Each structure stands twice: as structure tokens, then as C-alpha cells.
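*Asks:* Take this structure, written in C-alpha cells, and hold onto it; I'll ask about it next.
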Amino acid sequence: MKTIAFKNSIPQNLKRTALLATAAILLMACSNDDDGDNPEPVEEEETITTMTVTLAPTDGETVTLLSKDLDGDGPNAPEITISGNLSADTSYTGSIVLLNETESPAENITTEIMEEDDEHQFFFSVTGSLTGTSYMDTDGDGNPVGLSFTLTTGAAGDGSLAVTLRHQPKKPNDGTLADAGGETDIAQTFDITVE
Amino acid sequence: MLVIVLVNCPYLVAQNCTNVLSGTIIDFHDRTPLVGATVQVAGNANVVLSDFEGNFSLGSLCDGIYELEISHPECSTKFVKIDVQGDTSEKITLEHHLEELDEVKVVGDAVSDATNTAQEKTLRIDDLERYSAGSLGDALKQISGVNSLNTGANIVKPVIQGLNGSRVLILNNGVRMHDMEWGDEHAPNVDINAVDHVSVIKGAAALKYGGDAIGGLILMEPARIPAKDSLYGKTLLTGATNGRGGNITTELTKAYKSGWFAKGQASFKRYGDFEAPDYVLSNTGASELGVSIGLGKHDFVWGWDANYSYFDTDIAILRASDIGNTDDLIRAINGREPLIVRDFEYAINKPRQEVTHHLAKLGFYRRFEGLGKWNLQYDFQHNQRFEFDIRVGDDREKASIDLRLATHSLSTDFKIDAKRDFILNFGLMGLYQNNFANPDTGVRRLIPDYDKYDVGAFATLEYTVSNTLLLDAGMRYDFNYIEAKKFYRTSRWEERGYDVEFPDLVIEDLGTQLLTNPKFEYHNLSATVGMQYQVSNDTELRFNYALAQRAPNPSELFSDGLHHSAARIELGDLRIESETSKKLSLSIQKEGNTWGYNISPYANFITNFIVLEPTGVEFNIRGAFPVWTYRQTTARLLGLDTNLYSQWTDHWRTDHKFSIVNGKDTDLERPLINIPAVNLNNSISYANPVWKDFKITLESQYIFRQNEFPPNIMVFSPEQGQEVLLDINTPPEAYHLVALDTSFKIPLNKRNTLSVGLTVNNLLNQSYRDYLNRLRYYADDLGRNFLIRLKLNY
């Protein structure tokens, strides 16, 4: 007799549990995120829209190379502006500033690169009348970064400077992109006339 | 206690016992009289039988309550209490054709097909348990004609006869999964350990579940619970050498004779980095937790159940696949080794995905005498997806994608099965869905905020013409309404030509961005007709024609942005319309004792077929990026799935599978992208039930090279300063894999059995890459893997 009474009481417990579970499910189902308002726009934070490379000779006119792409990942390609021609057989001190101009005021990304300089490196490659580059700065481990560098020119003619910023490259590396690996944050090429 | 008192009652009260109880026994379903049913008063040896009209009579009864036991060979035995006051007459219904009523079936019984005329295949628990530590997509590849689209080893999307994603519906315990299935790198959020059997229906023939299953349907069903007092469960432990992890799953079910039941199940999976034959696949680990609980009461006439399941997965994505631009992609494709290989670790680092899925379901049914069965179901799903990319500065720990998808759906259907040769099923479905894209990511939304409403109605008819011929037909109508609030870059809005075509959609101009409010409606019609012909005892012929329409998913409409992890820009199109598939499928099947086969050819003609393909390049400050655009075209898929088995002796058996599919874009006269390669699978097995149910299988799998693929694209490489060919579509070489599987069972005592299994995948440690693995550009697939399974039933 006792066992029968026990068996009958279990479905009662189940019934109560079932009701509780049902209530819980219904309550859960009634909550949702819809508030009917317009969503807020997203301004991309770590986008780099603008790179300015300033080339200053010890004596003479400073030249700026500008690459600007305000629509970021949008369909428009970056606009490239070069302020003037470089002088032949001259050594220039280069410095790089990166901005996110989708934000107002523009966010300076250069400082983020400086803070994480062990995870970043610029790579330069030159052709034609541009004859060479060398690094002027190092990270905490003594490896090059490239926010400041030198650029030398040869005889008058045409040339190009390609600037690539890699995130999480192998450091140290042999100075080539192939050896460095990592992800590309910037890859721009400037066609420059040397006179 | 109550029952015993009632039954004893008549014998306790002394009185004049001359009453006659007369009654009629009829079939619950079609109200026909039941002949030859035995009627017996409980505790009394007297038995009477019902006559041709189903009538019976019992004499010499006292006033009081009697319990009668009524049984019939084709019905389940029933106990009825009858209050006898003088001569009494009573109508008694019995539940006929027991074999069709799944609620009262016991565990281990045959699983009936979900369709009569479509190509269909079911995997049972034994087939699934071998993949306990894998995923649904891995297990389904056992079926000829089912492949998978992978992103590494952990993200496995089923491909049915060449189609995947939104074209493949997954029904988890009767609930259609809404888990952002639109993305190539979004795996189904289901726990393979929570189900007892999985059926794959190759096509849109099961209209009850949806009309848009242009690829097919996957029905995941839990085990049936017997209506008897019992408590049982199992625990299954799997360990794997590759990934140095495994899975544990456990479940427990309590059932009562009264129909009450409660069950619970949980599984946990953990892996570290997987390994290719030559190197570690750095950052490919995973962690997965699945929990499900359910309870309810399943009576014959009515029943209800409540189920809740939770699924949480954290998946690391191959580190070397996170790249910056086209030049990085070119370097990855040309390099034979991943660009980043580190030592093995368990940590799940960025890039990674973290997805949780809640599913709650309430079901109710009621049977009506002489008519049929009514079902009502409400379900709720909540899917939260985070994707973490490698980011810099303050955003380092922030997700790049943070989407929340909530879906409510209510469905009801009525099945009229009173006539045995004629079954009519009709129903209605309503759905509300809300997607919220969290702006705190600091990354422009890939998928916008939207609300979606669906309403559907269906009717299907099954007509058994004779013992050998069955016909079926069905129709379904679905209405979809989607309303989104989406920001477009003004430059993108203009580049797409939307400023000309959809100027009215703009509700706010923010200068560089536009807030738009697209509202679209889709009307979709689906229909199916088919036949099943029993050629002989073991041979069956099935033919099915299915018309199906599918509305575009949010990704196809709204995608707009850079997929950082894939280094590609994906662009949806607001102009995309529903796609329409017309599929013919035939299947000839023999299931004999010594040999059998299944030959299933099909042809699928799709108009407005939505494809995502690389179409060009866009430039930004980071360089050049391939652009993948959704477009619509006319497509044709022709294919053949075959199986053959031969039982050579009592112990030896061989199995052979072959499948081929050809997908063509008939507008552009060129092959479709991501069509599975031809594959051939042969295995030889030895089984001996006397030796502790010992089984061993050696399997060979040969995947041909896919020779049909769309052309590669030319891109400008800033690094190389010239146009180069981006080898993005070229498939990898053919490969051959060998696997070994063995198992045996040790009975521990009367109730408990320990099953032990050992599987070796990629036995020869072959290096290979698969065309349908999205990480094939970056690394080889998995090397040799030993898996040990221990299962305890109790």
C-alpha cells in the first residue's frame, strides 16, 4: 500500500514542476529587445582613413605624401595627394601620422601604434630614383618600428615609395614582408618625381 | 491506493447480484466495431469475446464499480472503470493500429519515415554515437549525397545534394532552428548527443515543416519514451588524440505507466589545437556545452510536453586565416604551410566565435475519436553570436560582431487519419523574429536590426491506392515580411544604384551615412506530388516532384561590409527576389537479406538562384580586397546518390557509396561555386554477435578533385605593383582517406552494459585539403586521429 501511495504522489510533484517550467518559459518568451527606436550609427573606431608621410630634408622644402579614404571599406578608393617633387641626391627625414577622420575630432591612431610598437612595423620599398630607406626608431626590444625613417634620393627621374604597416609581424625579421608575416593594416604606394 | 479500494468495493457490499453489463467495443479512429476483443473483469477469471458488431455482455454483476480489462490483438490493452447500477450498457473505444502511434512506442522500435515519396535516409543512435565528440554535420556525411561546408574542423554545415545554408532546414525536436544559418561560418547550434535519430529528406517534400527547403530537411528527433514505470540512462565518454580532448555526455529518463515522464541530458566537449600531419593548426580548439531537459504527459487521447535546451559553443578559428588584404591572401594561397604555426595549446584565442542558443518548446496534442489528431506548438529561440577578431588598442577585447536573434513561433496542425487509406494533414504557422545588432562593437553592422513576420499554411494528402501503391500531394503558402533599419555609407548607397531605385527608403541623412528603412514582402508557394510503389517485398520505387520557393535571407539582402577574418567585402542586394526550385527525384531501393541497393537520381532547376561569388576588387588604405557579391541566376543541379551493400556471409559485409552532383549556372554557362566533388566510399565489416557483439569496419573514402568550378579573378596587387591572378576558386587535389572502427559490448549485469569502441580516422596520416573547407587556402586538414568511446547503459 505504501508503495502505491508513493507512486501516486510523484506525478503530483511533476505536475507542479511542469507548471513552474511553463511559467518560466512564457516569461522568458515575453522579453525581447525590440524598443521601436532607430538604431544608433556606428562610427568605426580603429579604421585608419588617412596616412600622412612627411619628408623633411635638412635644407629645402618639406614634401608631404597623403593617402585619404574617408569611406573606409566603402567603394571609393583612397585619394593620393603629393605636395611636390623631391630633390635629387638628398636625404629626407620621414615621419608618419595616421588618423581616423570618420570621427570628429579626428582620432590619432599613431599613438596607438606607439603604445603597441612591439606588435607593429612599417616596411618601405623604393624603386627608380628613390634609392633607399632606413629605420630611425626602435621598440622596447630594440627592433625597428618605422614611424620615423630616412629616405634618400638619387639622380632625377621617376620613382615610387611603397609603405606597408603590418600588425603582429614576426619580430625581429629580415626586413622583407615575406619574412615578417602578420596582417596588413596599411599598404599604399606613392609615385614620386625626383628633380 | 485509490484503484485498489475501487476494485475491491463490489465484493465488500453484499447485495443482489443479477445485473447485466452490455457493451460495444469500437475503434477509436474510424468507429468500426472490433471483433474478438476479450473483456474480463479484473480479478475474475471470466472472459467474454466481442461479436461481429463489437458487442459483448457480462452477467451476474452487483451494483458498484468494476474495472474491466479489454484487449484486442491489434490494439493496446485498456482498463476501464464502469459504475454498474442495474443493467448497464457502455460504449468502449480501443486504440487501433498501434504501430502508427509514436507516443506509445517503446525505445528501440523502428523509426518510420517522415515522407512517403521523397529521397530520405535516417541515422540511428549507433551511427550518431560514433560522432558524439564531433558534430551533426560530421555524422550526416555517412549519408550518400550529404557533404559539409566547413570552416575548420569545428564549424560544419550540412550540404544536401549540393545546397546548404538557408536552403537546408534543421528541425530540432520539432522546432525549426533559427540560429543565423545564413552565414557560411555559422554552424548549426545543436547538440548531436541530445537526439536519438536524424532523418535527412533530400528536397522540399515535407511541407509541414517549411516550404523553402530547396536543399532539404534535417529532422533531429529525441528518443521516444515508453509509457511504463522505468528509469534509465546512459553515459558516453569519448577521447580523441587529435585535439587532445573529447566529449562526455550523460542522460537520464524517468517514465511512468500513466504517461508522465521527465528527462535530462547534458554534454560537454573540449578540444585544444588540432593537428595536420605536418604541423599544429594553431588556434583551432573548441569548447561546447549542451543541456536539455523535458517533461510532460503523453496519454493516448491527449498529452503535452515542455522542453528546454541550452547550447553554448566557443570556437577558435585558425590563426593563420586572419589576414589583412589581397596580398596577404595571395601569400597564404601560394605558401604551402600556414603563416602562423605555434606549439599546441588548449587556449581559445582570437579570432574566435562564441555562440549561445536557448530553445524552449511547449507542445500539446489531442486526439478526436473517429477523426484524428490536433497538435499545437509554441517555441521560442534566442541566439546570441559574438565574433572576436584580432584588434588593436582599446578595442582589443571587443567583439567585432554582436548579434542577438530572438524568434517566437506558434504552429498548429490537424491530421485526419480516421480512414486508413486516406490521411489529410493541414496546419498554420506564425512567426515573429527580431534581430538586434549591438553598436558597441565599434564595427559597422554586417547584418542590420530587423523585424520579420512569417505566416504559413499547408495541406498534405496521402492516399493509399492499394497495398503496393501510395500517392501523396501537398501545398503550402508562406508570406514573409521583413522590415530593417540599416545604415549605408552614402558612397555605397550610390555605388549600388539604390539612390535611384530606392530613394524612399532613406529616413535620415547623417552626412557620410544614411539610415534606411527597407520593408519587403515575399509571397511563396510550394507544392509537392509523389508516389511510392512497392515493387516486391524488399524493393520500393519512389518518385517525387517538389516546387519550392525561398525568400532571401538577411545576409543576401543586407550584407555590406568587410569580413575581417576572411579579408573579403561581402555585398548583399536589396533587389534580390525569392528563388524558385523545381526538383524531380527518383529512388529505387532494395533492402534484401543478402544484398540491397539504393539508386537516387535527381534534377533540380532553380530560377533566381542566389549565389555569392568573388566579382572584383575594391581598394582602401589597407590595400586591395576581393569583393564577393550576391547575385541571382538560373541554376541546374543534376546528381546521383547511390548505395550498395552485400551481406557475403553471416559475419562479413561490404558497403559501397557513390555520389556525384553537377551544378551549372545556365545564364553564364559556367559551373556553380562550392559544389561538392564526386566521392566514392567503400567499406568492409566483420560482425560477430556471439563475441560480445564484436564489430570491425575498414573504410576507404576517395574524394575526387572538383574539376567544375567558376573562373578565378584578376586583382591588382599593390605589393607586386601589377594585376595578378587570384587563385581563389581553384579546388585542391583529390585525396584518399582510410578509417578503422571497432566496437564490442560487455554486459556488466542484467541491466547495465558497457560498450567500448575505437575509431582511427585518417589512418595513413594523409595530408589533404578539401574544396568545401573555407580554410583550405591556409592549411591542411586534420591528420590521424584515434578516438576511444566508453558507453555505459543503465
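*Asks:* Within the range B:712-748, count every residue that is within 14 Å of chain A (Cβ to nearest Cβ) and either of a type in the set (Ser, Thr, Tyr) or closer than 30 Å to residue B:680 by Cβ (or both).
*Replies:* 1
*Asks:* Could you grab me the full set of residues in the range B:693-734 that are among the aromatic types (Phe, Trp, Tyr) and either not in a loop (DSSP other than H, G, I, E, B) or not assigned by TED's automatic domain parsing to the domain that holds residue B:614 (or both)?
*Replies:* Correct list: B:694, B:702, B:716.
*Asks:* Here's a follow-up. One residue is enough: does the range A:168-181 have a residue meeting the conditions in contact with a Gly (Cβ under 7 Å, 6 or more places away or on another chain), farther than 18 Å from residue A:66 by Cα and more than 10 Å from chain B (Cβ to nearest Cβ)?
*Replies:* Within the range A:168-181, one or more residues are in contact with a Gly (Cβ under 7 Å, 6 or more places away or on another chain), farther than 18 Å from residue A:66 by Cα and more than 10 Å from chain B (Cβ to nearest Cβ).
Quick grid of which residues meet (1) assigned to a strand (DSSP E or B); (2) free of Cβ contacts under 8 Å to residues at least 40 places away in the same chain; (3) of a type outside the set (Asp, Glu); (4) at negative phi:
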{"residue": "B:380", "(1), (2), (3), (4)": "yes, yes, yes, yes"}
{"residue": "B:428", "(1), (2), (3), (4)": "yes, yes, yes, yes"}
{"residue": "B:433", "(1), (2), (3), (4)": "yes, no, yes, yes"}
{"residue": "B:451", "(1), (2), (3), (4)": "yes, yes, no, yes"}
{"residue": "B:484", "(1), (2), (3), (4)": "yes, no, yes, yes"}
{"residue": "B:487", "(1), (2), (3), (4)": "yes, no, yes, yes"}
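*Asks:* Take the residues of the range A:44-55 that are closer than 28 Å to residue B:443 by Cβ and among the polar types (S, T, N, Q): which is farthest from the other protein chains (Cβ to nearest Cβ)?
*Replies:* Step by step, filter the range A:44-55, then rank; the result is A:52.
*Asks:* Okay, moving on. Please determine whether any residue of the range B:534-552 is farther than 29 Å from residue B:116 by Cβ, crowded, with 19+ Cβ neighbours inside 10 Å and not β-branched (Val, Ile, Thr).
*Replies:* Yes, some residue in the range B:534-552 is farther than 29 Å from residue B:116 by Cβ, crowded, with 19+ Cβ neighbours inside 10 Å and not β-branched (Val, Ile, Thr).
*Asks:* In addition: Inspect the range A:87-103 for any residue being within 11 Å of chain B (Cβ to nearest Cβ), crowded, with 19+ Cβ neighbours inside 10 Å and touching a helix residue (DSSP H, G or I) at 6+ places or on another chain (Cβ under 9 Å) and give the result as yes or no.
*Replies:* Scanning the range A:87-103, I find at least one residue that is within 11 Å of chain B (Cβ to nearest Cβ), crowded, with 19+ Cβ neighbours inside 10 Å and touching a helix residue (DSSP H, G or I) at 6+ places or on another chain (Cβ under 9 Å), so the answer is yes.
*Asks:* With the requirement that a residue be buried (at least 22 other Cβ atoms within 10 Å of the Cβ), part of a strand (DSSP E or B) and more than 26 Å from the chain's Cα centre (by Cα), what does the range B:276-294 give you?
*Replies:* Selection gives B:281 alone.
*Asks:* OK, next. Just one of (1) under 20 Å from residue A:48 (Cα atoms); (2) within 14 Å of chain B (Cβ to nearest Cβ); (3) of a type in the set (A, V, I, L, M) trips up residue A:147, so point out which.
*Replies:* Unmet for residue A:147, out of (1) under 20 Å from residue A:48 (Cα atoms); (2) within 14 Å of chain B (Cβ to nearest Cβ); (3) of a type in the set (A, V, I, L, M): (2).
*Asks:* Just to be sure, is residue B:603 over 30 Å from residue B:653 (Cα atoms) and buried (at least 16 other Cβ atoms within 10 Å of the Cβ)?
*Replies:* Here the answer is no, as residue B:603 does not meet what is asked.
*Asks:* If I filter the range B:229-236 for residues that are within 14 Å of another protein chain (Cβ to nearest Cβ), polar (S, T, N, Q) and not in a helix (DSSP H, G or I), do I get at least one hit?
*Replies:* Checked the range B:229-236: at least one residue is within 14 Å of another protein chain (Cβ to nearest Cβ), polar (S, T, N, Q) and not in a helix (DSSP H, G or I).
*Asks:* May I pose another question? Condition first: more than 14 Å from chain A (Cβ to nearest Cβ), part of a loop (DSSP other than H, G, I, E, B) and under 18 Å from residue B:164 (Cβ atoms). Can you find one or more residues in the range B:591-602 that meet it?
*Replies:* No, there is no match, as no residue in the range B:591-602 is more than 14 Å from chain A (Cβ to nearest Cβ), part of a loop (DSSP other than H, G, I, E, B) and under 18 Å from residue B:164 (Cβ atoms).
*Asks:* Something else: Quick check on residue B:353: is it closer than 17 Å to residue B:290 by Cβ and away from chain A (no Cβ under 11 Å)?
*Replies:* yes
*Asks:* Here's another thing I want to ask about it. Identify, from the list B:417, B:394, B:421, the residue that is more than 24 Å from residue B:486 (Cβ to Cβ), acidic (Asp, Glu), in the same structural domain as residue B:463 (by TED's automatic domain parsing) and out of contact with any strand residue (DSSP E or B) (no Cβ under 8 Å at 6 or more places or on another chain).
*Replies:* B:394
Condition check ((1) surrounded by fewer than 18 Cβ atoms within 10 Å (Cβ to Cβ); (2) under 26 Å from residue B:151 (Cβ atoms)) across all residues:
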residue	(1), (2)
B:368	yes, no
B:387	no, yes
B:397	yes, yes
B:400	no, yes
B:429	no, no
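*Asks:* Residue B:276 - would you say it is among the small types (Gly, Ala, Ser) and away from chain A (no Cβ under 14 Å)?
*Replies:* yes
*Asks:* Which pairs do you get when a residue that is in the same structural domain as residue A:68 (by TED's automatic domain parsing) and modelled with pLDDT of 90 or more, found in the range A:39-56, comes within reach of a residue that is of a type in the set (Phe, Trp, Tyr) and not in a loop (DSSP other than H, G, I, E, B), reach meaning Cβ atoms under 6 angstrom, with the pair 6+ apart or on two chains?
*Replies:* If the second residue must be of a type in the set (Phe, Trp, Tyr) and not in a loop (DSSP other than H, G, I, E, B), the pairs left are A:55/A:92.
*Asks:* Report yes if some residue within the range B:362-376 is over 30 Å from residue B:320 (Cβ atoms), within 13 Å of another protein chain (Cβ to nearest Cβ) and of a type in the set (A, V, I, L, M); otherwise report no.
*Replies:* Checking the range B:362-376: at least one residue is over 30 Å from residue B:320 (Cβ atoms), within 13 Å of another protein chain (Cβ to nearest Cβ) and of a type in the set (A, V, I, L, M).
*Asks:* Scan the range B:438-445 and give yes if some residue there is surrounded by fewer than 17 Cβ atoms within 10 Å (Cβ to Cβ) and either at the interface with chain A (Cβ under 10 Å from one of its Cβ atoms) or under 15 Å from residue B:546 (Cβ atoms) (or both), otherwise no.
*Replies:* yes
*Asks:* OK, next. Inside the range B:326-349, can you point out the residues that are surrounded by fewer than 20 Cβ atoms within 10 Å (Cβ to Cβ), part of a loop (DSSP other than H, G, I, E, B) and more than 10 Å from chain A (Cβ to nearest Cβ)?
*Replies:* B:336, B:337, B:341, B:342, B:343, B:344, B:345, B:346, B:347, B:349
*Asks:* A further question on this structure: Out of all the residues in the range A:174-190, is one or more in the same structural domain as residue A:84 (by TED's automatic domain parsing) and farther than 28 Å from residue A:73 by Cα?
*Replies:* For the range A:174-190, residues in the same structural domain as residue A:84 (by TED's automatic domain parsing) and farther than 28 Å from residue A:73 by Cα: present.
*Asks:* If residue B:413 satisfies all but one of (1) within 29 Å of residue B:528 (Cβ to Cβ); (2) within 14 Å of chain A (Cβ to nearest Cβ), what's the number of the condition it fails?
*Replies:* Looking at each condition in turn, residue B:413 falls short on (2).
*Asks:* Let me ask another. Could you say which residue among B:649, B:697 is surrounded by 15 or more Cβ atoms within 10 Å (Cβ to Cβ) and more than 24 Å from residue B:184 (Cα to Cα)?
*Replies:* Going through B:649, B:697 in turn, just one is surrounded by 15 or more Cβ atoms within 10 Å (Cβ to Cβ) and more than 24 Å from residue B:184 (Cα to Cα): B:697.
*Asks:* Also: Condition test on residue B:650, is it in contact with a strand residue (DSSP E or B) (Cβ under 9 Å, 6 or more places away or on another chain) and part of a loop (DSSP other than H, G, I, E, B)?
*Replies:* Considered against the rule, which asks whether it is in contact with a strand residue (DSSP E or B) (Cβ under 9 Å, 6 or more places away or on another chain) and part of a loop (DSSP other than H, G, I, E, B), residue B:650 comes out as yes.
*Asks:* To continue, here is another question. Can you tell me which condition residue B:156 does not meet? The list is (1) out of contact with any Ser or Thr (no Cβ under 6 Å at 6 or more places or on another chain); (2) touching a residue at least 12 places away in the same chain (Cβ under 8 Å), and all the others hold.
*Replies:* (1)
*Asks:* Moving to a separate point now. Given the structure, is residue B:297 free of Cβ contacts under 8 Å to residues at least 40 places away in the same chain, buried (at least 17 other Cβ atoms within 10 Å of the Cβ) and over 30 Å from residue B:762 (Cα atoms)?
*Replies:* Yes; evaluated as a whole, the condition is true for this residue.
*Asks:* With the requirement that a residue be among the charged types (D, E, K, R) and assigned to a loop (DSSP other than H, G, I, E, B), what does the range A:158-176 give you?
*Replies:* Across the range A:158-176, the qualifying residues are A:170, A:171, A:174.
*Asks:* I've got another one for you. From the list A:64, A:58, exactly one residue is among the polar types (S, T, N, Q) and either within 14 Å of chain B (Cβ to nearest Cβ) or within 22 Å of residue A:187 (Cβ to Cβ) (or both). Which is it?
*Replies:* The conditions single out A:64.
The values are calculated or read from the model by the stated rules, or taken from the named source; none is laboratory data. Note that the structure is a prediction, hence the values are computed from the model and not measured. Methodologically, a virtual Cβ is constructed for each residue, glycine included, from the backbone with ideal geometry; neighbour enumeration extends over all protein chains shown.
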